[in-house]
Amino acid sequence: MTDLATTLDQQKRIAAAKALEEVDHGMRLGLGTGSTARHFVDLLGERVRLGLKVLCVPTSIATMKQAASLGIPLTTLDETPELDLAIDGADELDDELTLIKGGGGALLREKIVASACSRFIVIADSSKHVARLGRFPLPVEVNVFGLESTRIKVEAVCEANGCPGSARLRRLADGKPFVTDGGHHILDCALGAIPDAERLGVALNGIAGVVEHGIFASLCDTAFIARSDGVALLKRNA
Ligand code: A5P
């Protein structure tokens, strides 16, 4: 018999509910993207319906549409450049709360929003917590212009940083390249293990065609990781 409380989707919702406890009346929030963040937005919508006042910046068109459909008040970083708290999912996180993000292709806006917040909380199911980052292919958002030239440089930089692997253009089911909300492409870098994620991130940012990468270092301060036996709290530099 399946223990429904331990399915990964249940864990995502449990982590989202835990993060909702951190939201106070009047807060300016960043809303993440992906299946875990979707649970959070859903639960936040219920609270807004009951009278909670918040003002939110979504990190993708998908999240914007979901939040708008739930009546959650929305703003932009141009109108509200500083936020109190962002809540988002992750594809992987380690004990230092360094993250890999971008599996859903929203990494650029997610990183801009996370950087504009006083606090950044990650919510995740137990499968996302890893001893070492890199099993999940690292998403790198690149400009459409000069794609192949940039792709070769991305592979070279990964190799020079101790994690050789292929950088493959993300494609949709119909074979067309995936296009981000910002109009860019994504290279998914199959690296296996990343010895020093922060150093790799700095090196990737030095490539002209790279718009942003999915390594989030020193941005997340708290993670709620739902497991079959409860929610684990991780703090950076704890
Ligand atoms: C979106 O671009 C991503 O960064 C997501 O936050 C990440 O992929 C986690 O997604 P899930 O919650 O769907 O696993």
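Since every read-out is calculated from the coordinates, none of them should be taken as a lab result. This is a predicted model, so every value here is computed, not measured. All Cβ positions, glycine included, derive from the backbone under ideal geometry; neighbour counts span all protein chains shown.
Out of residues 5 or more away from I186 or on other chains, whose amide H comes under 5 Å of its own, with H placed 1.01 Å from N in the peptide plane?
V142, R170, F178
What are the equivalent ellipsoid semi-axes of the chain, built from the alpha-carbon gyration tensor (square roots of five times its eigenvalues), in whole angstrom, biggest first? Each step should come with its number before you reach the end.
Details: eigenvalues 170, 85, 54 Å².
Semi-axes from the Cα gyration tensor: 29, 21, 16 Å.
Under 14 Å from a label point 7 Å along Cα→Cβ of I61: give me every residue in the stretch 180-194 with its amide N that close.
180-185
Under the 0.36 nm per residue contour assumption, what length would be gained going from the current alpha-carbon distance of V130 and K53 to full extension?
Length gained, V130 through K53: 24.2 nm.
Between S118 and K235, what is the spin-label point distance in nm, taking each point 7 Å from the Cα along the Cα→C-beta axis?
1.7 nm
Could you work out which residue, out of D221, D84, D24, moves most in a Gaussian network model of the chain, that is, has the largest mean-square fluctuation with Cα springs under 10 Å?
D24
Each residue of the stretch 101-112 in order: what ³J(HN,Hα) in whole Hz does its phi give by Karplus 6.51 cos²θ - 1.76 cosθ + 1.60, θ = phi - 60°, with x for Gly and Pro?
Listing the rounded values in order: 9, x, x, x, x, 9, 4, 5, 5, 4, 6, 4 Hz.
Would you please name the trypsin sites (Lys or Arg not before Pro) within the stretch 25-111 that are DSSP coil residues with at most 14 other C-beta atoms within 10 Å of their C-beta?
On the way: sites: R28, R38, R47, R49, K53, K65, K101, R109, K111; in loops: K53, K101.
Hits after loop and neighbour filter: K53.
Explain nothing, just the number: dipole magnitude of the chain about its Cα centre with +1 on each Lys and Arg Cβ and -1 on each Asp and Glu Cβ, in debye rounded to the nearest 20.
Details: 26 positive and 31 negative charges, 68 e Å.
The dipole magnitude comes to about 320 debye.
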